Structure formats: structure tokens, C-alpha cells
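Colleague: Take a look at the following structure, please.
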Amino acid sequence: MLEKIDGPDDLKLLSLEDLECLCREIRELIVKTVLENGGHLAAPLGAVELIVALHRAFSSPKDAIVFDVGHQAYAHKILTGRRGIFPTLRRHGGLAPFPTREESIHDAFGVGHAGTAISASLGILAAKKRIGQEGRVIAVLGDGGLTAGMSFEALNQEEALKQGLIVVLNDNAMSISKNVGALASFLSKALVSRPLLRIESELKGILKKNIPFGEPLYYLGKGIKEGMASGYLDVGLFFQSLGFQYVGPLDGHDLSELAWAFERTKDLRKPVLVHVRTKKGKGFAPSESDPCAYHGVGIKTEEKPSPNAQRCSYSKVFGQAMIRLAEQDDRVLAVTAAMPDGTGLREYFTRFPDRAFDVGICEQHAVTFAAGLATQGLKPVVAIYSTFLQRAYDQVIHDVCLQNLPVTFVMDRAGIVGEDGQTHHGTFDIAYLRPIPNVVLAAPKDFREFVLLLNTAVSSGKPFFIRIPKATADYSPNGGIAKEETLQVGSWEVLTKGEGLVLFGTGRTIATLLCLARGLREKGFTPIVVNARFLKPFDGECLKWLSNLTNAWVSLEDGVRIGGLGSLLAEYLADSGKRSVRLLRLGIEDAFVPHGELESLEKECGMDAASLERRLLGWLEGGEWAEA
């Protein structure tokens, strides 16, 4: 059946039975591709019938379908002309992991972060009306995305604009982890209102046609129904109070029910919210039983840990270290924005439930909430992906750093993250955090240094930001670290001796520089490798010593060149008047990095060891001494 679908209009020719068969084939393709390529699995499986029903009822791209986050949209990609290349999903040069306007006219808005769908949809709808363009706009968001403050800001404007937006709430009671908070509890109380809506519609026709004074009786009955709703359909009344006609909740895996709802809402010229209940991971037994574990699936490798060690991620090491810190100090608390699993804190949440706070997909609130905790002498640690901390930039400045509050931020997925692509790379954090007063900003070269930095952070009494990459390595759980051991804030580490040439790196780039240094030594150079683990404050004494000893500096960024480590070195050389030292700054150019395997992306950015060696040798041997 799937081979017959070259575009969404082909769905309109199929019966409901054919569509059910199509849904099974779509799920098979999603499972096969994701298990091979990695990627999101549970969320797109749960949204298959919903997306099929939307494309059957509406006419994309005339009708714009805007997804929130976009990890649920794999079926949308398959149905909109990308079936044949779907196996390239997340591969370098292949399909993007999220909707992107450059990829298809059916991707109405590029997305990768939660909470954007309603705002973007309102903008598209207002523009359509302004330029006289026909077509409906449908915002599809999960109940996790609904917790984002931006979603409610947009809902508030919709009531004022009366634009006729259709919002489809895909309610599966999950974000990455199980949803928490008052809104999740509130949504769970909704009763099925489709029978009431059907009875209302049919009763109105019967009364008006066959019974004297039937229309007044209808409105009397309507009032009674709404009175009943006030007692039982609290969810519907909530959205109605925002100006939306509420429909639902519907069975999100019942195509006939979805078809009924969309056919009756698409011609309404007023705001409508369709509440759909789905099961995350639907149709694949392992993901149905554990949708959290199958939210995202990694690519399997054959790597084996060394003897007496285990293969760990930075997230897992962080979770272990947090448990140890909490055991030592009951003032240590954990705060995360819907990411207890993604950030490695699940065991911590189990061990210390009264000192663990999942605030939902509300990064701004998470930061200011942590600031409030810190004012009372507590030591909050905010675990948040680098790319998502961007959403709370004002709160970082205004609520934490301006007040110089002791909040520790562990920024997971710093640097290039690979297949999740442009919306998820953590390449800007060094540049956007360095200008802020009171900030301590650091990046570890390995697990042991990370734990030392975490020890240092919670005892520093400062706004302290630690960048950690999406990476795995061998790790001994105790790490040989004394419980009280810390690092001197601002200190750098000279890793290799040499003369003339200095290679500066931070975080994950250190391993690359050590490899590069070995290759340069074979060619007669003796570079010094420096671990610039603190990006603010920096080690001025180390730089003073090196500027007197050497005349060629090279920096390798774990992010964009603008505003990064190389900028720090350039500022130092300019401010100290060290004109004899030449500087080559290497890193990500002024561009967004696409998706793909980490190795492919590093090569494309010229940040792999071989590319770096060619560039550096040309600079050293060819006299390319101008600052790059």
C-alpha cells in the first residue's frame, strides 16, 4: 500500500481499511530505519494514525501542518514524497531528523525545540489572511510541548486574534520521560466528548425540523450540556475559556474517529482544539512497554570496554556524581526541564525524590526556579542540554548572574552532537556565556576532570557552567577521585612539553589536539598542548608564560569560532600588546552545522585531525601568519 503513496493527495483515494494497512507499513518502515540509523522511535510510532488522518482531511501544502518539536513527524516525511529516501534519515547528506523548510514544501516551519508550533502557526495564519492566501493552519503538538510557557502565550493571542487556528493536542502523557505537573494531571481528567458533540449536532437538526419551538428547546439543551460539562469536562471548558471550540479527547489510533473529527472541524472558521489520546511507541512491542527507553535509539557499535572499566556517557557519570554529592551535602538539589532520563538523573530522582525537580519543558522557569532555591542557601544543579539553555538566556543573565547566585549548570550535548542536527548542536554556549559577568565557564577533557569540576562548582558559591559532550568512553565508577578534591578556578593544564608552537583546546577537542601533536612531532615540530579547561576566568599567568616562550598559537574550538577560545586568546594578545605572537583560530565557521555522523561533520567542518594537520602545516610552512 505504501508504494502507492507519492504525496498526501493519494490518501484521499483510500478507504479506511486501506489506511489501516498503510499505517502498519509506515510503522514497519520507521522501525526498520530507526533501528539501523538511530533516532526517535516511540514518538513517531504513536503519531502514525494522527498524521495519516490529518493528511487525508487537509491538503498540504495549501493547508499548513506545523509540528511541535518534530520528532513525531516521521510519518509526515514518508507521506510527503520522501518515502524513497527515508532510509537516509539522520545520515550525513540525507533526510533531516526534524521538519525543515529547505527539505520540503510540506514542512511549513522548521522545528526541533518544543513549544513553537502554536506561535508559528498563528504567524502563518495571520500572514495568509494578510496576503489573501487560502488554506487552514494546523498546529500539532504533544502534551509535553503544551507545558512550555510559549505555548500558552500563543494560546492567549489566538483568543484575541480569532484567526481560526486548529490545534491538535497529541496527548500521550509523555515528554521524553513521563509528564509531570498540574497540567499533566489536569489533562488526564478529560472525558470522551465525541458522543456529546454528535448528539448535539443531530439533535439540533431533529428539533428544528420536526418539533414546534424546536430551536429554543435546542439551546435549552445546549445550556444543560454545557452545565454538565462544567462539572465533568473541565479540560474542554479550560480551552473554551481561551476561545477554542474543544473536541475530544479522541482515540488517536482510531482512523474513523479521527476522520470524523477532522472532517467536521476543517470547515469551522473559529479556533478549534482537537484533543487526541495516543500511545507512545504504538505498534512496536518494546517501545510500547518502555517508551522512555525507546524515545531515542542510538546506532549500535561494536565497542567493548577495557578490563575493569565500563562504557559510560558523560550523562551517566554526571548522575553517579550527583548521587555522591547529595549523600555528602543535603543542600545539593537537582533541577531539570523534562530531562531526568536524558541528563542521567533518573537514579538520582529515585534516591532523592524530595531533592529532585522536573519542571516540564520550561527552561526559563527551571533557571529562575533554581535561582530562587539558591537565595535560600541551597545548591541547585540545573541539568540542561546546551541547545535548550539558549531558551533561558535572559533568566541566566537577569535572575542568576546579575544576583551572583550559586547555581551550577551542567550543559549536556555541548559541541557537535551528530545526527540530531542543526537544532541540537551545542555550538554557541561559549560565545553566549563568556560576555556575562560573574560567570565561571569550564569544559572537562575527560570524565575525571568533569567530576572534579562538578565538585568545584557546587562549592564555589558562583554561577558555574560546565559543558559536557555527547560522548562515551571507558570509565571506572570511583574514578580515583577524593570526595573533597576540587580544581583551582581559572587554572589551565599544560599536557605536553615543547617549544615555539602552542595548541590550545578545551573539552572534547583535547583528544584531537593530542592526536594532531603526535603527527606534528613526526614532521619535526614540538608543539605544547594546553588544556584551557576554564574559559572564564582564564589562566592569565599561563598565557603570560607562554607568550614569552612561544610565537605561534593555534586554538581549536568546540563550537563556533566567533566569541570562543580563539577570541579569548586574541583579546589577551591585543590587550597585553604581545604582537610577536601569531594566532590561528580553528573551529566552526559562521554557519549552522547540518546533521550526520559525528566523524562526517567534523571532517566537513575541517575539525578532524587530518584536515587540521593540513591546514596547520600550510600555516606554519607557507608563512600564512595572518590571524585566521
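Colleague: Hey, got a sec? Which GluC sites (Glu not before Pro) in the range 1-110 land in a DSSP loop and have at most 10 other Cβ atoms within 10 Å? Don't skip to the end; give the middle numbers.
Modeller: On the way: sites: GLU3, GLU17, GLU20, GLU25, GLU28, GLU36, GLU49, GLU102, GLU103; in loops: GLU102, GLU103.
Hits after loop and neighbour filter: GLU102.
Colleague: Over 27 Å between C-alpha atoms is what I'm after, so list which of LYS280/LYS445; LYS77/LYS280; LYS470/LYS497 land there. Don't skip to the end; give the middle numbers.
Modeller: On the way: LYS280/LYS445 37 Å; LYS77/LYS280 18 Å; LYS470/LYS497 29 Å.
As for pairs spanning more than 27 Å Cα to Cα, those are LYS280/LYS445; LYS470/LYS497.
Colleague: Step through the residues of the range 347-354 one at a time and calculate ³J(HN,Hα) from phi using the Karplus curve (6.51 cos²θ - 1.76 cosθ + 1.60, θ = phi - 60°), rounding each to whole Hz and writing x for Gly and Pro.
Modeller: Computed from phi, the couplings for the range 347-354 are 5, 4, 4, 6, 6, 10, x, 7 Hz.
Colleague: Let me ask something else. I need the per residue convex hull volume for the range 493-621, using only the alpha carbons, in cubic angstrom as a whole number.
Modeller: On the way: hull volume 13.4 nm³, N = 129.
Per residue, the Cα convex hull of the range 493-621 comes to 104 Å³.
Colleague: Where the centroid of each part is defined by its Cα atoms, how far is the range 447-471 from the range 107-163 in Å?
Modeller: If we compute the Cα centre of each part, the gap is 38 Å.
Colleague: May I ask what percent, to the nearest 5, of DSSP beta bridges between residues of the range 493-621 are antiparallel? Numbers along the way, then the final one.
Modeller: On the way: 2 of 17 bridges.
Roughly 10 percent of the beta bridges in the range 493-621 run antiparallel, per DSSP.
Colleague: Give a quick list of trypsin sites (Lys or Arg not before Pro) in the range 105-164 that DSSP marks as loop, anything other than H, G, I, E or B, with at most 13 other Cβ atoms within 10 Å.
Modeller: Details: sites: LYS128, LYS129, ARG130, ARG136, LYS162; in loops: ARG136, LYS162.
Answer in residue order: LYS162.
Colleague: Out of VAL529, SER600, ALA610, whose Cα points farthest toward the positive end of the dipole of the range 493-621 (charges: +1 Lys, Arg; -1 Asp, Glu; placed on Cβ)?
Modeller: VAL529
Colleague: Sort LEU95, LEU565 so that the residue with the fewest other Cβ atoms within 10 Å of its own Cβ comes first and the one with the most comes last.
Modeller: Details: LEU95 23, LEU565 27.
Neighbour counts put them in this order, fewest first: LEU95, LEU565.
Colleague: Run the dipole for the range 310-475 about the Cα centre, Lys and Arg Cβ at +1, Asp and Glu Cβ at -1, nothing else charged, and hand back the magnitude in debye, nearest 20.
Modeller: Values: 16 positive and 17 negative charges, 62 e Å.
With Lys and Arg at +1 and Asp and Glu at -1, about 300 debye.
Colleague: Still on this structure, please answer the following. Give a quick list of trypsin sites (Lys or Arg not before Pro) in the range 497-567 that DSSP marks as loop, anything other than H, G, I, E or B, with at most 13 other Cβ atoms within 10 Å. List each step's numbers first, then the result.
Modeller: Details: sites: LYS497, ARG508, ARG518, ARG521, LYS523, ARG533, LYS544, ARG561; in loops: LYS497, ARG508, LYS523, ARG533, ARG561.
When the trypsin sites (Lys or Arg not before Pro) of the range 497-567 are filtered for loop state and at most 13 Cβ neighbours within 10 Å, LYS497, LYS523 remain.
Colleague: Roughly what % of Cα-Cα distances in the range 106-166 sit above 15 Å, to the whole percent?
Modeller: Numbers: 853 of 1830 pairs.
It works out to 47 percent of all Cα pairs.
Colleague: So, one more: Taking amide hydrogens as modeled 1.01 Å from N in the peptide plane, which residues meet the under 5 Å criterion relative to GLY115, leaving out close sequence neighbours?
Modeller: VAL69
Colleague: Still on this structure, I have one more. Find the eigenvalues of the gyration tensor of the Cα atoms of the range 313-452, then list the square roots of 5 times those eigenvalues as equivalent ellipsoid semi-axes, largest first, in whole angstrom. Working shown, then result.
Modeller: Working: eigenvalues 86, 71, 42 Å².
Computed over the range 313-452, the values are 21, 19, 15 Å.
Colleague: Can you put TYR393, TYR314 in order, fewest other beta carbons within 10 Å first?
Modeller: Details: TYR393 15, TYR314 27.
Lowest count first: TYR393, TYR314.
Colleague: Give, rounded to the nearest 20 debye, the magnitude of the charge dipole that the range 493-621 has about its Cα centre when Lys and Arg contribute +1 at Cβ and Asp and Glu contribute -1 at Cβ.
Modeller: Numbers: 16 positive and 18 negative charges, 92 e Å.
In debye, rounded to 20, the range 493-621 gives about 440.
Colleague: In whole Hz, what ³J(HN,Hα) sequence does the range 516-531 give by Karplus (6.51, -1.76, 1.60; θ = phi - 60°), x for Gly and Pro?
Modeller: 4, 4, 4, x, 5, 5, 5, 9, x, 9, 10, x, 8, 9, 10, 8
Colleague: How big is the gap, in Å, between the Cα center of the range 1-45 and the Cα center of the range 403-444?
Modeller: Their Cα centres are 38 Å away from one another.
Colleague: Between GLU499 and ASN156, what is the FRET efficiency for a Förster distance of 51 Å, r being their Cβ-Cβ separation, to the nearest 0.05?
Modeller: Working: r = 64 Å, r/R0 = 1.25.
Once the sixth-power term is evaluated, E becomes 0.20.
Colleague: Work out how much length LEU35 to ASP10 would gain on full extension: take 0.36 nm times their residue separation and subtract the Cα-Cα distance, in nm to one decimal. Please report the intermediate quantities before stating the final value.
Modeller: On the way: separation 25, 0.36 × 25 = 9.00 nm, distance 2.79 nm.
Using 0.36 nm per residue and subtracting the Cα-Cα distance, I get 6.2 nm.
Colleague: If you take the Cα Rg of the range 308-366 and divide it by 2.2 N^0.38 Å, with N the number of residues, what do you get?
Modeller: Cα Rg divided by the expected 2.2 N^0.38 Å: 1.15.
Colleague: Show the residues, 5+ positions off or on another chain, whose built amide H is closer than 5 Å to the amide H of GLY559.
Modeller: ILE588
Colleague: Give the value in nm², to one decimal: projected area of the alpha carbon convex hull of the range 541-590, averaged over all directions. The partial results should precede the final answer.
Modeller: Numbers: hull surface 13.3 nm².
Spelled out: convex hull of the Cα atoms, projected over all directions, averaged, 3.3 nm².
No lab work stands behind these numbers, since they all come straight from the coordinates. No experiment lies behind these values; they were computed from the predicted model shown. Using ideal geometry, Cβ is built from the backbone for each residue, glycine included, and neighbour counts are taken over all protein chains shown.
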